[in-house]
Structures are given as C-alpha cells and as structure tokens.
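These notes are about the structure you will find just below.
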Amino acid sequence: MKDRETNFSVIADYYKKHYEEVQLFVAKQLKQRGQEAEDIVQNVFLRLMTMGRMITPVTLPCLVYTMVRNLICDDWRHHQCITEYEHYIKGGQDGLDCDPMSVYSAAETLEILERGIARLTEKQRQVYRLHIYKGMKVGEISKALDMRYKSTEHRLGIARREVRAFVKRALA
C-alpha cells in the first residue's frame, strides 16, 4: 500500500510540474488541436495512476513521453481512417472518377430492391424479407413461418437469384 501511495505522489508531483510542457508537446504534434491534446495528456496520467506498476522519478518522464507518442500515433491513425472513409463515401473510391449520374442514392437503391422483391411469390417475399431486413438465418425463418428447412432454403435461393438478376438489370 505504501508503494502505491509513493507512485501516486511521484505522478502527482510530475503532473504539477510538467503538465503544461507535455500538453504543449502534444499540441505541437497534433498541429494545435488543443482539446484533443488535453484529452491525450489526461489519458496518459489517468493510465499512469491505474497502471499498478512501480514508477520512479527517473523512469516517469520516459514513460510519459512514450505513452504520449503512442497515443498521438493512435490519434493520427484514427484520423487517417476517418479521412479515407470520408473520401470513399464522397465518391472517390480507390481513385476512380465516378460520374455523379452513375451513383445511386440509398433511397434509389432501396426502391430498386423493393421492385425486385415485389416480383417474387408471397412465400419467397416473406422468406427474403426476414433474411435481408431482420437478419434471420434459414433455420430461424423456417421456425418463424412454420415451414420445412429445405423448402425455406430453396425459396431463399430462388429469391436471391431473381432479386440479384433484377437489380443487375435495373442498375445496368
């Protein structure tokens, strides 16, 4: 218990003396995103307090800056993933130039899908909707509709083929 109190006092002293210095370092690395810099520094000291390992005044500065560097890298990776995702969503999929007229909205795609589903028989429609919209597996669908497993599987297969073919024709 005494060892843990010593760790807390060492961390608290370092926090009081070097908090602003560490925060400025992080802000510089993050290109002045102040709130994120403060969050990273707070996370470092919180992790230090809950680490449960022996920390000395000699090892603490190296440990702080190592943890800061790792969290900055994690933050950078996170922002890169967001940037790539946003680029993909906005139409720049893998560097391909897409004609705006060739990109369908979600509503248009759903409308095409619904028109394809409307062409199915009633039983096929029920099976396909439960599978697509509810995410049910064939066994669950067969129990819910009180059908044999094989006939449910067969109807789902036919429904998939027909809807896939309809959507392919509609998007061509």
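The values are calculated or read from the model by the stated rules, or taken from the named source; none is laboratory data. Keep in mind it's a predicted model, so treat the numbers as computed, not measured. Positions of Cβ are backbone-derived with ideal geometry, glycine not excepted, and every protein chain shown enters the neighbour counts. To get the accessible areas, we keep the full protein, side chains included, count just its heavy atoms, and leave off ligands, DNA and RNA. Shrake-Rupley method; radii C 1.70, N 1.55, O 1.52, S 1.80 Å.
Annotations
- Selection within segment 33-91 - of a type in the set (D, E, K, R), in a loop (DSSP other than H, G, I, E, B) and surrounded by 13 or more Cβ atoms within 10 Å (Cβ to Cβ): Arg33
- Test for Leu171: is it more than 28 Å from the chain's Cα centre (by Cα), within 30 Å of Ile89 (Cα to Cα) and loosely packed, with under 15 Cβ neighbours inside 10 Å: yes
- Members of segment 118-152 that are among the small types (Gly, Ala, Ser) and either surrounded by fewer than 14 Cβ atoms within 10 Å (Cβ to Cβ) or in contact with a strand residue (DSSP E or B) (Cβ under 9 Å, 6 or more places away or on another chain) (or both): Ala118, Gly135, Gly139, Ser151
- Inside segment 13-32, residues that are open to solvent by 40 Å² or more (accessible area, probe 1.4 Å) and either assigned to a helix (DSSP H, G or I) or under 18 Å from Leu46 (Cα atoms) (or both) make up a count of 12.
- Count - residues of segment 92-117 that are surrounded by fewer than 10 Cβ atoms within 10 Å (Cβ to Cβ) and at pLDDT 85 or above: 0
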